[in-house]
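Asker: Below is the structure I would like to discuss, written out as structure tokens.
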Amino acid sequence: MNINIPPNHPRAKSLHVRELLVNGFKKGLVVPEGLIAHGRGEAFDYLLGEHTSETARVAAKAASSILLLANHPVISVNGNVAALCAKEIVELSHVIGGVIEINLFYRTKEREIAIEREFKKNKAGIVLGIKKSKVSIPELQSERRRVDLNGIYKSDAILVPLEDGDRTEALVNTGKTVITIDLNPLSRTAKAAQITVVDNIIRAIPEMIIAAKHLKTKDKSILKKIVEEFDNESNLAESLKIIQGGKW
Ligand code: PTJ
């Protein structure tokens, strides 16, 4: 059943996003736990005023700069990401010249195939993470430890949106530059990553695409300066202030 959301409903946008998740669940992309994770994100989004803050925009710009500067940038995707913004992830991967790799917490062959199909439907080139890999990230016990030799394993910068804390910390420990998108500025992932975009992924990825398209035309020294001037701790503190002050 697809519900009819009246366009003038005060929470129309948020209800549409819920429908994307529910449809993703029905298509076998999203796990039930993914719906719970979305609920948590939604609560923070409500407190952030459901729009992209200037603080998030600064982080998105730094994130795009890192990905453009990297030799081997990778975007790691899970079920929620596939359901919410597969098309936009594909566009971002093209702009930054990066690779998409499926990496699931609740890993099953069926989900990997369904998620790969979703990205291919949206014109992705190679989607890694399907074949059983022999390489893994040290320190991790879960199914997420297995990574592709030509993807996350050899990446120097990696975007891991909606990620769990253990894996983010393990990735940081490998020496890679880790970027995340997380609506919760207090999460372990938000604190461990070098760059955290505190925004809803449905707005953050389009923001990163705009920034990357613009920055791609600039000299590398400008991108390096943007990265040097970015401070994740104070950026997170700014997002917390927005939540506490309700000043959106
Ligand atoms: O598809 P799988 O098997 O890899 O599983 C994916 C989930 C999301 C279920 C898994 O990674 C998980 O359990 O994630 P966590 O640990 O609940 O973390 C998700 C984080 O993303 C939380 O901090 C949420 O606040 C945040 N979040 C949820 N929805 C959004 C979001 N951040 C940005 N945009 C969202 N739409």
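A short reminder: the numbers here are calculations on the coordinates, not readings from a lab. A quick note: this is a predicted structure, and the numbers were derived from the prediction, not measured. Note that each Cβ is placed from the backbone with ideal geometry, even for glycine, and that neighbours are counted across all protein chains shown.
Asker: Karplus couplings for the stretch 164-170 from phi (6.51 cos²θ - 1.76 cosθ + 1.60, θ = phi - 60°), rounded to Hz, Gly and Pro as x?
Answerer: Taking θ as phi minus 60°, the curve returns 8, x, 4, 5, 4, 4, 5 Hz for the stretch 164-170.
Asker: Within the stretch 1-67, which trypsin sites (Lys or Arg not before Pro) sit in a loop by DSSP and count at most 13 neighbouring Cβ atoms inside 10 Å?
Answerer: Working: sites: ARG11, LYS13, ARG18, LYS26, LYS27, ARG40, ARG57, LYS61; in loops: ARG11, LYS27.
Sparse-neighbourhood loop trypsin sites (Lys or Arg not before Pro): ARG11.
Asker: Compute the Rg/Rh shape ratio of the stretch 103-233: radius of gyration over Kirkwood radius, all on alpha-carbon atoms. Write out the running numbers ahead of the final one.
Answerer: On the way: Rg = 15.6 Å, Rh = 16.2 Å.
Ratio of gyration radius to Kirkwood radius: 0.97.
Asker: How large is the convex hull of the Cα atoms of the chain per residue, expressed in Å³ as a whole number?
Answerer: 121 Å³
Asker: Quick query: amide H of VAL99 versus all other amide H atoms, modeled in the peptide plane; which residues come in under 5 Å with a sequence gap of 5 or more or a different chain?
Answerer: VAL74, ILE75
Asker: Quick one: length gained pulling ILE5 to THR217 fully straight, 0.36 nm per residue minus the C-alpha distance? Show your work: numbers first, answer last.
Answerer: On the way: separation 212, 0.36 × 212 = 76.32 nm, distance 4.05 nm.
Additional length available on full extension: 72.3 nm.
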